[in-house]
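Chemist: Supplied in structure tokens, the structure appears directly below.
The values are calculated or read from the model by the stated rules, or taken from the named source; none is laboratory data. Note that the coordinates shown come from a computational prediction; the quantities given were computed from them, not determined experimentally. Backbone-built Cβ (ideal geometry, glycine too); neighbour counts: all protein chains shown.
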Amino acid sequence: MDTEFKVIAIIVIVLLGLMAVFLIIALKSLNKLLHDTATSITNMTVDLTKSVNRVTEDINELKDNLNKSLMSIDSATKQLTVTSKTIDDGFQRAFDVIEPVEQLVTNVYQRVAPPLNYLSLIISGGSKAAGAFINAFANRKRK
């Protein structure tokens, strides 16, 4: 039994040795896998950081361009307001000049039109009377 025990012990020792070798190989593979994973994660982190930095730069550039555009729009709006006020003031001054002239024309018309209408009636009546007199006088001579 001693021999059987020795053979079994040798087989167990050899199997334990083989298991230790397989365990060492598996641990080395696991270590390489962990190292590759860490390298991949580091590379992904670097790439992600670069992408985030580019996006941040683009956003900052857009923000600056938007700010410039808004300032330009604000300036244009102010100029438009000033121009509108200038035009409004010009129209107001023109109306201030035109209104008294319109009132003067209205007053002159109201004062001159009735006498002129009366005079035109007198002239019309006089010319009709003269025409009638001339016709009557001409008809008398013919008879």
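Chemist: Of the residues LYS32, LYS68, which single one is within 24 Å of the chain's Cα centre (by Cα) and not small (Gly, Ala, Ser)?
Modeler: Of LYS32, LYS68, the one residue that is within 24 Å of the chain's Cα centre (by Cα) and not small (Gly, Ala, Ser) is LYS68.
Chemist: Of these, ARG111, ARG54, which one is at pLDDT below 95 and part of a helix (DSSP H, G or I)?
Modeler: It is ARG111.
Table: residues versus (1) touching a helix residue (DSSP H, G or I) at 6+ places or on another chain (Cβ under 6 Å); (2) β-branched (Val, Ile, Thr); (3) at pLDDT 95 or above; (4) surrounded by fewer than 10 Cβ atoms within 10 Å (Cβ to Cβ).
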position: MET1; (1), (2), (3), (4): no, no, no, yes
position: LYS6; (1), (2), (3), (4): no, no, no, no
position: ILE24; (1), (2), (3), (4): no, yes, yes, no
position: LYS32; (1), (2), (3), (4): no, no, yes, no
position: LYS68; (1), (2), (3), (4): no, no, no, no
position: SER72; (1), (2), (3), (4): no, no, no, no
position: SER84; (1), (2), (3), (4): no, no, no, no
